[in-house]
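Down below is the structure, laid out as structure tokens.
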Amino acid sequence: MVVLNSTIEVGKPSKDFNEANRWIVTPVHFHGFEELPTARGHDVGSPVFECVGCKWRLVVWPGGYGSSVRGWVAIWLDLISNDSDAANIIFRISAKDSKGDDVAVSSFESITPYCHWVYDDNFAKLSTIIDNLVNGTLILEVRTRSLDSSSSAPPFIAENPHGNKMLQLFMDDDSADAVFEVHDENDASSKIKKLFYAHRLILKQCAPLLDELCGSGSNTHSVPISDVTPGIFDKMLYYVYGGKIEDETFESSAKEILDAADKYGVVNLKLEAEVWLVKTTKINGRNMMELLLYADAKHCALLNEAVMDFIMENRSEVLEYASFHDAPRSLGSDILAATLRKDSDGEDGDFTVMRICELRKKLHEKGLDVDGSRGMLIARLKDNADKTSPF
């Protein structure tokens, strides 16, 4: 086993060598690994750790997960903090033997805007991992490095002030030309109506359905909102103006935020809330149908995929508890797609077997809409491919 010491510098580093060029190494030890359950879908996660300014958690599935080949170990590196800087980091995760040599390696590009994790469903054969344990411990090494290769003392460049200027307009009643009167009619204990001030030009671009509620006239009048709590509406409107929502709020209110963002057309917020809903929801045989129906109604492709993964990994529990009487019409095709993902080797260009994160990333790179069901996402990519094909 190798114990890392602090770096010893010999000589003066060149101007092109700086901390951003270095791999930051975080060893993660899973003790008693051979005694862990190897049932498909059973996971064990590390405590949260900090590295390159973000918080992470490393998760291992000894018996595989999702599209894992039978007998292979899956790993996920989960971004816990809500930090856009993670998009500028590359990752390398390796399993080590007693000599410190790699026995399995996975490398990843940056975190995408619509998924807070990187993963490898087929990291290594379980037998290989077992054969190279160090006194019963699985030693994983997480390496992270910034993509920024600038010099160690770059010139100061002030950030574009647009984001802060936008936030200064949040709830500015002097310049606002739209007013929303928010009261949750389902909350019998609250009779208070709260006023929210907004600007239609911003709403038109970032929350078009809210803008439509204001009508076509130029007169400022209050628009009643009765299906969202003032607290959730405040968070949604703050996001529209460029603000960030705290992790704690997503953890406690992901579904409520998703509902509001979906209803009023705040697409990116809806997708971020969906990621948190998947993170914080424990899927089981009793709630899987409810989650499927919800995912179908809201076009939550990532949640649908998580339930499909559960179905593939826990067929006995599904048959025991789930009733398919009111199942979504797409259930059959979704299960078939999940089966193909499990059996596929993940050939590039085959949209059918791609995971939702991959589909959304490709759509985002092409400037296309990233919201919608799996079928809708695939249809957009195929339509775009047909339009750009030279034939």
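All of the numbers you see were taken from the coordinates with simple rules; none came from a lab. What you see is a predicted model, and the numbers here were worked out from it, not measured in a lab. Because the Cβ atoms are built from the backbone with ideal geometry, glycine has one as well, and the counts that use them run over all protein chains shown.
Residue ranges 94-103, 305-314 sort as 305-314, 94-103 when ordered by packing (mean number of other C-beta atoms within 10 Å per residue, highest first). Extension gain, Asp227-Leu293: 0.36 nm per intervening residue step, less the Cα-Cα distance, totals 21.7 nm. Net charge in the neighbourhood of Thr38 (other residues with Cβ under 13 Å of its Cβ; Lys, Arg +1, Asp, Glu -1) is -1. Of interest is the spacing of the C-alpha centroids, which for region 248-294 and region 57-82 amounts to 21 Å. Net charge of the neighbourhood of Glu181, taken over other residues with C-beta under 9 Å away and scored Lys/Arg +1, Asp/Glu -1, is +2. Note on region 172-292: the C-alpha convex hull projects to 8.6 nm² when averaged across all orientations. Over region 260-391, Cα pairs under 8 Å with separation of 6+ residues give a relative contact order of 22 percent.
For Val28, the amide hydrogen comes within under 5 Å of the amide hydrogens of Leu140, Glu141, Val142, counting only partners 5 or more places away or on other chains and with H modelled in the peptide plane. A compact globular protein would have a Cα radius of gyration near 2.2 N^0.38 Å; the ratio found for region 239-320 is 1.16. The residues packed around Lys194, meaning those with a beta-carbon under 11 Å from its beta-carbon, carry a net charge of -2 if Lys and Arg are +1 and Asp and Glu are -1. Treating r as the C-beta distance of Glu317 and Thr137 and R0 as 45 Å, the FRET efficiency rounds to 0.90. An oblate overall shape is assigned to region 237-374, the ratio a/c of its alpha-carbon gyration tensor axes (a ≥ b ≥ c) being 1.5 or greater and a/b not exceeding b/c.
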